[in-house]
């Protein structure tokens, strides 16, 4: 199995502007978020990329994609029918091929040598099945993520054979159905936001399932489906200060790390000195 | 694994039938040394064992050996000191340390009944603590509950409200949950107690039916049954948790996390427990200081918004034995879990998996609220008829390796193929479901069941096996549709196994109802059906269907009449009711009320609307304004809201004044009638307020020198002299029956002397009947009938007089006098310092962690009540009878002088020289010729019977105080430890030499007819007697079977202080425990029956 196509979803009504924001990437270049995501997909070996957008957003996205425009095509999601259906919009594009899937409102930053997307792609190609990136996540964050449970694969500490997937479970349900041996109490394997999906997923989504989690739960019942634990960090751009935190993460992991750190320290020191001086005056 | 080295540890570790051997049978023939050797082995075994069942059973074995076997060995009879440090550790629930101290004392001083009584209490308490801890651990470790205990900060809070509940502002939709209650068709010998399911899952089975109810009132005999409990949940536009109980008429806005965990602060403890167990404010948050508003903002996703939770019980009274409160808790929890997506179905039924989770959360909620029920109690969550049965613990269960069975049972729902629709209909057409009205305390019964199960006493174990068989019979009859046979089975169950296992499950009230039903309906009465922990409250009577309607009417009349006859001797909480009922085939259900239908139950608005009407319209939030509009519209168009406008006016302008003034008038007339001494009262009130008297001032000066004293031994050589005095008519008996025995019925105000407390001579007997039967026997033995005096008070006189008349003095042929009390007190609101002294300074039994928290909250609330009501003020906010109090038994003997009873006695029996005066609850006190002879021979004016002290004998005893041997009251001892150094306890049976006692009063026989002289003499001596301030619990009843208990202050003078008078020659004689034991609490009865005391008492009686 070879994976050459990627699908990025960016059609959510409240998130459609986020991928167009400009950040300074690890290489010091200013780029729109969507561009960084495209580059991550290309780095993972993808040759064709499809971005699912809100109707009418195609040209703005094309502009944001810049020099990568030739590798990218856009598909509009005609009606806001949910995340699962957004992926399904790319069905024609993926055809009968497996594909890499990333969400447009998150940024992924790896500290290790190999990017998350690439690790996932390599594993999916080797195992010839769908693979999702997952991360042990505190139960207080469960309302935000799809969550999986499964058995650890023999000989690997970071790989799981998934048998259950639940979209945004309550901790009550998570405790009953999603506890995984070896994961700390109160932590669950939540989606990281990057998946490699087989064509079967598109077929399942076509039956009308509302979320990707529901489709993957169905998938796990019929064929092998793996989850790979990732040690990278994902940044939700839609969260409060999401863009700022993502920018800091990029900067602190990039070539300008020393410069950014020293500026931050200066900022902090100025503020503290100012506060201390104001306190002294009051006394 | 420990190698078994004794016969008893063998039994505990055995697997087959050997495991079911009776402890009593194994110990019966062992010597004292043999018993002690077994105890040593058991104690070593239980300390080393890591198996829950083995530890608990060994603890119960140890407790039973020390309670029922060692004390019966003659070598253990000598008195011994119980180390105070051990007693103190018991109170603090440090059971292991207490046991070690008692064992060390036994090692040092040798075995004794006294130390054994302490060890028995320690082992028993540790056994129940071990069980409770295990239930708690199991509930916490159930998957789906664990996260709630580690969520301690609002930032970690993982629940979100479902979006469906957040639409439609300003008035949000209402989630309405309705739940049936459950009844237990088979009872099965209380097999739903947790430990039975966990140790004997094969024997833990019940047939449980979900039902809808309606109270059948005279005006509405056809009231349609509906689910009895309802919960309403919605989002509100204020950042508070608004809790309302419609039936308890209570509402509060909770604004802090700490307040959510304060269960006793108001009547909303159940709702708070549901909020916690439902995960809305998880138990891990207890102690968090962050604002509740932060948590609510995370929950709703809307800062500034909160949640409202409303409960409603559809007129079903408390104590129905239908698990109303557990099902209400489950109903509220289900609503909370649906709202937060912990249960996927927002409306309609819920899945089996979710039902199990709700049941587990309900157990958690009950533990949080400091209460507890059985594992079948949340059965209303399930639909229809189901068999609930224990399940062996398997790998993967949290109980695996700890107990044989799981904490939570399985539910097998019977479909139409197993129990046909026609059978269900027939069952509904045959059963008359009632609430008999009796007030009950089921807690001790459930403890007895656990204990007896583990001891496998022969008859009780046979009873349990029979009950298991009866369940199978009932299931068979149910499948065949034979309701008459079911009636026969439930009656057989009640007559046989239920009362074999727990004799106290039956009572005179119930047996009278059954007899009368049978008399009236003959063969058309198919059987009695006991519900829940004990009879007298919720009960069923099965009739032939063609007479059901008639039976409903007649049972109401029979219950009313029987209650009327018995209400002075049996505690009732309410007027009996008959229900209409229907089997609920749906289980718990929910729906969403939106738009104009988003209304709370009508009763809610009588609480919520008056404050809104008092608020200017411009200050009302949009939500409140919109709600008022909906309510107004509903009042016009909705049938349920008919009459609401009138109700509202009643609430806005309360009409309680007539009732209040009527109550005050009646209290004044009672005080007048019973000779209330207003001057004395005002003096006491002023002394109390000034701190001259009070709990701390009851005590003797700390400089008093107090040490142990030894009484005379019982000397049988004086028996002939005693018999001769009896034959010559020189003795009379005085039974003190002026008090109501507030500990006996927890302040319910019935006459203890008339309470049919136990079956003796084949049927239930009251204390008075028992005492008269003993007098009859003594009279027959000596050839002269004994005069018997029963002293009464304003509380008891009329009831006792009427009862004796109705029962023709229970056939007592001898002279029988009633000596009416002449003294009365008016209760007072307690002083805060006395409440604090009682709760903070005096030794208190600590409760289990959660129950203790609830109690501390309650104490804080009661201290606030005392301050608000006015410390030291007259207590008048209750029924008049509950505001008065008898002024202590010192007055009982002087009353004989003042009311002319002694004079009349002497006229009838001029040779009368001696009186035996005893408490009504000293069941085995009789006019014993040997003790009488000994009293005569000693020449004493007053001889007091004392018994060797056991752990439970608290309240003073025999002591040498500053060189005089006398009785000291417990409340007069300068410190709590002193009591442990006193070997003998006052049994409160006194022998009086009439002339010598009169001399102490400064009177002679000839002066008894001079009322003025007598009154003066009594007042003079009374002034020399100490006045003690005591706190008594008084019940205030309200609503439908609801009760509040208030501590009130009153004063007492006590007869034992006569022994301090230097001019009175006093002797003390040690008597056997069986003779001197007083029955203060119903929980004592079971041990009293098992240790042979009941049989001994029975043997002293001549029953007519």
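Readers should treat all values here as calculations from the given coordinates under stated rules, not as data from a laboratory. Just so it is clear, the structure is predicted and the values come from calculations on it, not from any experiment. Every residue, glycine among them, receives a Cβ derived from its backbone with ideal geometry; neighbour counts consider all protein chains shown.
Annotations
- Structure remark: mean-square fluctuation, Gaussian network model of chain A, C-alpha springs under 10 Å; the largest value among A:178, A:123, A:141 belongs to A:141.
- Going by neighbour counts of Cβ atoms within 10 Å, the residues B:1088, B:1103 line up, fewest first, as B:1103, B:1088.
- If the chain linking residue B:413 and residue B:224 were pulled fully straight, counting 0.36 nm for each residue of separation and taking away their Cα-Cα distance, it would gain 65.6 nm.
- Quarter of Cα convex hull surface for the range B:7-141, i.e. mean projection, nm²: 8.5
- Oblate is the label for the range A:1-117. Its Cα gyration tensor axes, ordered a ≥ b ≥ c, give a/c of at least 1.5 and b/c at or above a/b.
- Cubic angstrom per residue, convex hull over Cα atoms of the range B:278-345: 127
- Three-way shape call for the range B:595-652 based on the alpha-carbon gyration tensor, with the a/c threshold at 1.5: oblate
- Under the simplified labelling scheme, the residue A:111-residue B:781 pair shows an inter-label distance of 9.1 nm, with each label point 7 Å from Cα along Cα→Cβ.
- Förster-model FRET efficiency, 30 Å R0, residue B:100 and residue B:458, C-beta, rounded to 0.05: 0.35
- Equivalent ellipsoid of chain A: semi-axes from √(5λ) of the C-alpha gyration tensor, largest first, are 33, 25, 18 Å.
- Where the Cα pairs of the range B:675-754 fall when distances are cut into 10 Å bins, in %: 12, 14, 27, 29, 16, 2
- Expressed in Å, the radius of gyration and Dmax of the Cα atoms of the range B:709-817 are 16.0, 46.
- Compared with the direct C-alpha span, the chain from residue B:638 to residue B:557 gains 25.7 nm at full extension, assuming 0.36 nm per residue.
- Residues A:71, B:980, arranged from fewest to most other Cβ atoms within 10 angstrom of their Cβ, appear as A:71, B:980.
- Here the Debye sum runs over all C-alpha atoms of the range B:971-1014 as equal scatterers in vacuum, and log10 of I(q)/I(0) at q = 0.18 Å⁻¹ comes out as -0.69.
- Arranged from fewest to most other beta-carbon atoms within 10 Å of their beta carbon, B:759, B:452 become B:759, B:452.
- Viscosity 1.002 mPa s, temperature 20 °C, Stokes-Einstein D of the range B:948-1051 from Kirkwood C-alpha radius, µm²/s: 123
- Angle in degrees between helix A:212-222 and the longest Cα principal axis of chain A, rounded to the nearest 10: 40
- As computed over the protein assembly as shown, the Cα convex hull volume per residue (Å³): 227
- Pairwise label distance in nanometres, residue A:62 with residue B:344, each label 7 Å out on the Cα-Cβ vector: 4.3
- Here residue B:164 and residue B:606 are evaluated by their C-beta separation; at R0 = 25 Å the FRET efficiency comes out at 0.30.
- Compared with the dominant Cα axis of chain B, that is its longest principal axis, helix B:324-339 is turned about 30°.
- FRET efficiency estimate (nearest 0.05) - Cβ-Cβ, residue B:865 to residue B:585, R0 60 angstrom: 0.85
- Note on residue A:27 and residue A:125: the model spin-label points, each 7 Å out from Cα along the C-beta direction, lie 2.1 nm apart.
- When every Cα-Cα distance of chain B is counted in 20 angstrom steps from zero, the calculated P(r) takes the values 11, 39, 37, 12, 1 percent.
- Fully extended contour minus Cα-Cα distance, from residue B:720 to residue B:840, at 0.36 nm per residue: 37.9 nm
- With Cα atoms, 0 to 90° folded angle of helix B:421-430 axis to chain B main axis: 40
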